[in-house]
1. Counting Lys +1, Arg +1, Asp -1, Glu -1, what net charge surrounds Ile50 among other residues with beta carbon under 13 Å of its beta carbon?
2. Show log10 I(q)/I(0) for the stretch 82-146 at q = 0.22 Å⁻¹, two decimals, from a solvent-free Debye sum over equal Cα scatterers.
3. Using 7 Å Cα-to-Cβ label points, what is the Arg130/Ala61 separation (nm, one decimal)?
4. Net charge near Val110: determine it from the other residues with C-beta under 10 Å of the C-beta of Val110, scoring Lys and Arg +1 and Asp and Glu -1.
5. Based on the Cβ-Cβ distance of Ile16 and Glu48, what FRET efficiency does E = 1/(1 + (r/R0)^6) give at R0 = 35 Å, to the nearest 0.05?
6. Could you sort 11-19, 116-124, 131-139, 66-74 so that the peptide with the highest average Cβ count within 10 Å comes first and the rest follow in order?
7. Which whole-number percent gives the relative contact order of the chain, counting Cα pairs below 8 Å spaced six or more residues apart?
8. Report the FRET efficiency, 1/(1 + (r/R0)^6), for Ser107 and Thr71, where r is their Cβ-Cβ distance and R0 is 30 Å, rounded to 0.05.
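The numbers here are math on the coordinates, done by the rules we state, and not lab data. All of these numbers come straight from a predicted model, not from anything done at the bench. Methodologically, a virtual Cβ is constructed for each residue, glycine included, from the backbone with ideal geometry; neighbour enumeration extends over all protein chains shown.
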Amino acid sequence: MNRSVCQPSRRGFTYIELALSLTISSILLLGLTSVILIGSRAIPTGTEQIHTEASVGEVFALMTEDLELATNFTLQSPRSFTVIVPDRDGDSLPEQIRYAMTAVPGSLNVKWNNGAWTVVIDRVDEMDIRVIQSDDKILWVGIDLVIPDLVNPTQAVQAELFNLPGRN
C-alpha cells in the first residue's frame, strides 16, 4: 500500500494562517507608524523657532516704544520697572505700564494700568536693567534679557528717554 496517496499534500497556506499573519503584520506596521509619528513630533521644527524669535521681537519693539515715549520712569527693583506713557486707550489719562521678571529663571510679565499680569516672554533666564543718569535725571535705559529659546540668547533693548520732565 502506498502511504503518499492517503496523506493530503500541503502546497500553500490555510486561510487561518493567512489571516493570522496579516493580523500580526498589521499590528507591527501600526506600532511602527506610531513610533515614527511620535518621534517626528518630538523633533523641534524651524517654524517654532521663527515664531519665538518673532514674538520676542514684537515685545522688544513695544518695550522700546514704551521707553521712548515715557514721561516717567521708575526702577522698581533690579528686575522690574514702571513707565508712564501718554494716553493710548482714549480715556484721556496716561497709561502706567510695569514690566517685571517673576523669578530667576522665570518669565517676563507686563501689567497695564494696575490690571492683571500678562506673560509676554515665557522663558527668561536673566534680566538686567541699566540706567544712565545726569543730575538725578534718567537719560538712557538699557535692558538685557537672556532668553534660552533664541538662536542668540542674549537680547538687548536700549532707549533714550526724551520725554521725561526736565530732560530737554
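1. On the way: positive: none; negative: Glu48, Glu53, Glu58, Asp149.
My count for the surroundings of Ile50 gives -4.
2. -0.99
3. About 2.5 nm, to one decimal.
4. Values: positive: Arg98, Lys111; negative: Asp66.
That works out to +1.
5. Details: r = 49 Å, r/R0 = 1.41.
Approximately 0.10, to the nearest 0.05.
6. Going by the mean number of other Cβ atoms within 10 Å, highest first, we get 66-74, 116-124, 131-139, 11-19.
7. On the way: 242 pairs, mean separation 26.8, N = 168.
Contact order relative to length: 16 percent.
8. Details: r = 27 Å, r/R0 = 0.91.
Once rounded, the FRET efficiency stands at 0.65.
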